[in-house]
Each structure stands twice: as C-alpha cells, then as structure tokens.
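Step one of this worksheet: look at the structure below.
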Amino acid sequence: MATLVRSLVGGNQGQQDGDGKLLELADQRDDQPTPSSQQEQEEAQEMQEDDGLASVITQVSSRDQQKAAPPPAAQYAVQPADDGSGEVRSTWKNKFRSIFCCLAPSSNEQYVRQDEGPVVIRPIAPQPPSWTEPVLGPQLAQDSGKKTLVLDLDETLVHSSFKPVPQPDYIIPVEIEGRIVDVYVLKRPFVDHFMRAVGSRFEVVVFTASLGKYADPLLDLLDKANVVRWRLFREACYPYEGSYVKDLQCLGRDLGQTIIVDNSPHSYMFQPENALPIGTFIDDMQDQVGRG
C-alpha cells in the first residue's frame with residue numbers, strides 16, 4: 001500500500017491563535033457574509049473547515065492537490081541514469097510493490113530520450129538539516145534487521161474532519177482551551193489488513209505532521225495489531241517553506257533500508273528517492289490501495 005499548513009511550532013501564541021480558530025469553527029459562527037449561491041456556500045464552508053483543521057491536523061485538501069507537487073521546471077535537473085546509486089532502492093521498491101499489488105507508481109522518476117541515451121530526471125531536494133541525536137531509539141529485538149517503513153497518517157491511512165460524516169469509524173475528542181471538539185475519522189478501506197501485513201515484515205513508524213493530542217489517541221484505536229513501534233508527531237517535522245517536512249535522517253536508521261509512504265510530495269522533499277507516493281484518501285470507500 002503506497003499508502004495510505006499551518007505553524008503551531010512557533011510558541012504558545014501560535015497555538016492559542018490556532019485553538020481560537022478551532023473553537024470558532026466548532027461554534028459554527030454565522031458572522032461571515034452569506035454567499036450568494038449554494039456552490040459559494042459550500043466552498044466557504046469547506047475553506048472554514050480547512051482553516052480549523054490545519055491547526056491540529058495536516059492535510060492536503062482536494063482543491064490543493066493540483067499544486068501539491070513542486071513545479072517541474074524549477075525543481076528538476078538532469079543526471080546520468082546509469083550511476084548505480086538507485087539500483088538497490090529500485091529493487092527494494094519493486095519487492096515492496098510485489099507484496100501490495102495496488103501501489104501507485106512513483107512520479108519522482110521520469111525518463112526522457114536524448115542522443116546520448118536515456119537520463120533520469122530526479123528532484124533537487126534542499127539540503128536537509130543536521131541532526132545531533134536520532135528521534136528513535138535502537139531497533140527492538142523483534143525488529144532487528146528489518147527495513148523501516150514510515151507511514152503518513154492523515155489522508156494516507158485515514159481522513160479526518162470536524163464536520164460529522166455518515167458512519168465514522170472513530171470520533172476523537174480533542175481538548176482546546178478547556179473545551180472539547182470532536183474529530184470524525186474515516187479509515188481507508190483495507191487499512192486493518194494492511195497494518196497486519198506490514199507489521200510482520202517491517203519496523204513500522206507512523207510519522208505525521210498533525211498534533212499528538214489528536215494523532216496519539218487515534219493511533220491507539222487504529223493500531224489494533226500493535227505493529228507501530230514508533231509514533232512521531234508535528235514537533236519531529238522540519239518546517240521548510242510553509243510545509244512540515246519529514247526528514248528521514250532524524251530517525252537514525254540506514255536510509256538505504258528506509259522507505260516512506262505519504263500522499264504529500266512536500267513531506268518527503270529531503271529524500272524523494274525513499275518515497276512511495278500514494279493517492280490522497282478522502283471518502284472513497286471503493287478505494288482498493290490497501291488490498292493485498
């Protein structure tokens with residue numbers, strides 16, 4: 001399963017501002033001008049919901065998907081294809097895809113033909129920060145020698161909303177300034193099957209840009225098979241150009257043995273060759289990505 005922003009990092013004042021927006025959303029105030037059409041009303045409601053969600057849950061909204069990937073002209077450069085460096089990772093990805101047949105193909109490598117022969121166009125990633133101490137401890141004995149699988153949470157394994165949805169899988173109460181706001185969660189189809197399957201093969205890490213006060217209780221419910229060894233939240237991300245980047249160097253694991261599954265290209269911009277992209281999950285209950 002090639003599975004399944006707003007800053008609160010900058011101190012208490014930022015969190016108070018974000019919490020205030022959430023409470024305003026939860027109260028569903030009607031102090032904004034009334035849109036003139038039903039479509040405008042729906043768009044205004046969606047934008048207001050996204051603003052509230054962004055302060056706790058990091059998502060790629062449906063209207064932002066077209067601009068999620070970096071512009072090719074500005075972000076790509078040509079390098080020789082036959083340098084040997086990507087062969088091991090390419091084989092690694094192919095083995096992973098053979099386990100889960102519905103993985104989306106990577107969009108990070110495209111081939112073009114020139115007179116000299118084929119070349120690979122690879123993303124130019126910014127220089128990652130230096131980490132003095134890894135955020136993960138040593139591998140547990142039962143995971144010794146396993147490759148590390150890093151999973152995104154929101155819109156990869158689940159989709160969450162402050163708006164009530166029919167038959168939510170979970171309702172997560174989140175405390176904000178002493179008040180409770182409910183978050184309605186839909187699981188991606190077959191996610192339970194997927195979690196059990198990867199748990200026996202990989203050291204599983206969930207790395208989310210959302211806040212722990214929402215993501216931690218959600219994972220308590222989602223990880224029924226107890227396969228997630230480590231949970232990383234927004235504070236483990238690296239803020240870069242308005243995005244929360246998941247720098248895999250911070251894990252303290254061999255990058256040649258690490259892969260990340262995420263629906264947002266910005267999340268893995270420091271190590272794009274370690275990524276297996278996945279389509280964004282919102283509410284498509286016919287989604288087959290997690291089916292083994």
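Nothing in this text is a laboratory measurement; each read-out follows from the coordinates by a stated rule. These figures come from a predicted structure and were not determined experimentally. Neighbour counts are summed over all protein chains in view; Cβ atoms, including those assigned to glycine, are modelled from backbone coordinates with ideal geometry.
Could you go through region 222-235 in sequence order and give the Karplus-derived ³J(HN,Hα) for each residue, using 6.51 cos²θ - 1.76 cosθ + 1.60 with θ = phi - 60°, rounded to whole Hz, and x for Gly and Pro?
Listing the rounded values in order: 6, 8, 5, 8, 6, 9, 7, 7, 9, 10, 10, 10, 4, 5 Hz.
Enumerate the calculated ³J(HN,Hα) couplings along region 242-249 in order (Karplus 6.51 cos²θ - 1.76 cosθ + 1.60, θ = phi - 60°), each rounded to whole Hz, writing x wherever the residue is Gly or Pro.
Couplings: x, 10, 9, 8, 9, 7, 5, 4 Hz.
Residue 147's amide H: which non-local residues (gap 5+, or another chain) put their own amide H closer than 5 Å, with H modeled 1.01 Å from N in plane and none for Pro or chain starts?
Placed amide hydrogens put 203 under 5 Å from residue 147.
Please give the length that would be gained between residue 200 and residue 240 if that part of the chain were fully extended, namely 0.36 nm times their separation in residues minus their C-alpha to C-alpha distance (nm, one decimal). Mind dumping the intermediate values first?
Numbers: separation 40, 0.36 × 40 = 14.40 nm, distance 3.40 nm.
Stretched fully, the residue 200-residue 240 segment lengthens by 11.0 nm.
Once R0 is set to 30 Å, what does the formula 1/(1 + (r/R0)^6) return for the Cβ-Cβ distance between residue 213 and residue 286, expressed as a FRET efficiency to the nearest 0.05?
Using R0 = 30 Å, I get an efficiency of 0.40.
Give the peptides 243-251, 276-284 in descending order of average Cβ contacts within 10 Å, highest first.
Listed from highest to lowest mean packing, they are 243-251, 276-284.
Once the piece of chain linking residue 193 and residue 226 is laid out straight, how much longer is it, given 0.36 nm per residue of separation minus the C-alpha distance between them?
Residue separation times 0.36 nm, minus the Cα-Cα distance, leaves 10.6 nm.
For residue 177 and residue 257, calculate 0.36 nm times their separation in residues minus their Cα-Cα distance, and state this gained length in nm to one decimal.
That pair, residue 177 and residue 257, stretches by 24.6 nm at full extension.
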